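The values are calculated or read from the model by the stated rules, or taken from the named source; none is laboratory data. Keep in mind the model is a prediction, meaning the values are calculated, not measured. We place every Cβ from the backbone using ideal geometry, glycine too, and count neighbours over all the protein chains shown. Surface accessibility is based on the protein's heavy atoms, side chains included, excluding ligands, DNA and RNA. Shrake-Rupley method; radii C 1.70, N 1.55, O 1.52, S 1.80 Å.
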Amino acid sequence: MTTATLIDGKRVAQDVQQQTAARVEKLKQAVGVTACLATVLVGEDPASAKYVAAKRRLCEKLGLASVFVKLDETTTTEQLVDKINELGRDANVHGILLQHPVPKQIDERAAFEAIPAQKDVDGVTFHSFGTMFYGLPGYESCTPGGIIRLLDAYDVDIRGKHAVVIGRSAILGKPMAGLLLNRDATVTVCHSRTVDLPELVKQADIVVAAVGKPAFVQGDWIKDGAVVIDAGFNPGPKGNIGDVDFEPASERAGLITPVPGGVGPMTLAVLVEQTSIAAARQAGVEI
Ligand code: NAP
């Protein structure tokens, strides 16, 4: 039986989308600029193709333009960097998203670093990492940025709380830890070499699961009343499931995100929001 309050990511994402659509429209009216996201997909991974298509659909829904670049599975680092440089020079493109992962022969870091900082709306460059960790203006990694928005939307007081982040990937766990730290949480970052993970999770006021293992976080690890954010998205027998064993965890948590419908919609919403902000900044207007 679920006793926790469900965090409705779809609803919060709708709010972000509405604000984005309004900013996009104002920008068109003010200076005749249509915010534009370039999406770059390398190879044939069906999940990646689906994610890119969803990003383009959301652009269209909110009044943004989008440019789609599809490159072969055999693309070299140099070819990909050349293409990203070209998009970087294109004044009609305001944000660039390179879909992760890229085929093995490509140096993904070199490709990410080719994205100019002012167009890095997915928050993947060293520059964006720096600004994010220093709390300076820039662009956030979209999933962690979206998680902070969810916590704010549900009035979760982050300051002074013990947040346990499970996972330390460059797109999720590490930036999540930085954003929580900037909001004055006391942060513990766990990973595959962490000793006695359940004991650490039991101390958490806020748990962020970013492991990539279905139903990995057990219900009896959750402290009564804790906020549980499940960033996981794993194929399951009846559709995708999260990293948290939802039913038992929701009997203890105070607030919990469902999968789907929790973190996922926020990632997309923040990406498109950041594109609209980038377009306004590049046009030199404050909207
Ligand atoms: P990742 O790069 O595979 O990272 C997984 C992290 O989990 C690593 O840091 C790993 O530790 C840690 N880990 C693995 N086994 C562990 C264990 N037994 N105990 C503790 N930590 C362990 O995955 P990711 O890209 O961060 O993604 C994580 C999940 O989020 C996936 O399910 C992914 O699909 C989902 N995701 C969702 C969205 C969204 O929009 N909803 C966006 C991105 C990702 P090591 O560093 O030691 O290997």
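Brief remarks follow.
- Compared with the alpha-carbon gap, the fully stretched path from Phe126 to Asp15 is longer by 37.0 nm at 0.36 nm per residue.
- Calculated mean residue ellipticity, 222 nm, the chain: -13500 deg cm²/dmol, from DSSP H runs (n ≥ 4) at -39500 (n - 2.57) each, averaged per residue and rounded to 500.
- Taking the DSSP beta bridges with both ends in the chain, the antiparallel portion is around 10 percent.
- Between the Cα long axis of helix 142-153 and the first principal axis of the chain there is an angle of about 60°, rounded to the nearest 10.
- Convex hull volume per residue in cubic angstrom - Cα atoms of the stretch 67-193: 122 Å³
- Per-peptide packing, taken as the mean over residues of other Cβ atoms within 10 Å, places 184-191, 93-100 in the sequence 93-100, 184-191 from highest down.
- Ranking Ala35, Gly212, Leu197 by how far each Cα lies toward the positive end of the dipole of the chain (charges on Cβ) leaves Ala35 at the top.
- Virtual spin-label span in nm between His191 and Phe133, 7 Å along Cα→Cβ: 1.3 nm
- For the stretch 67-200: relative contact order, % (alpha-carbon pairs under 8 angstrom, 6 or more apart): 17 percent
- Taken about its Cα centre, the chain carries a charge dipole of about 420 debye when Lys and Arg each add +1 at the Cβ and Asp and Glu each add -1 at the Cβ.
- Å² per residue, accessible surface of the chain at 1.4 Å: 46 Å²
- Nonlocal amide H pairs with Ala204, under 5 Å, H built at 1.01 Å: Lys223
- Restricting the stretch 1-101 to GluC sites (Glu not before Pro) that sit in a DSSP loop and have at most 16 other Cβ atoms within 10 Å of their own Cβ leaves Glu44, Glu73.
- Surface share of carbon and sulfur [accessible, 1.4 angstrom probe, percent] for the chain: 53 percent
- Annotation for the stretch 216-252 versus the stretch 122-192: alpha-carbon center distance of 20 Å.
- Qualifying trypsin sites (Lys or Arg not before Pro) for the stretch 45-118 [loop in DSSP, other Cβ within 10 Å: at most 16]: Lys104
- Loop trypsin sites (Lys or Arg not before Pro), the stretch 214-287 (other Cβ atoms within 10 Å of the site Cβ: 12 or fewer; DSSP): Lys238
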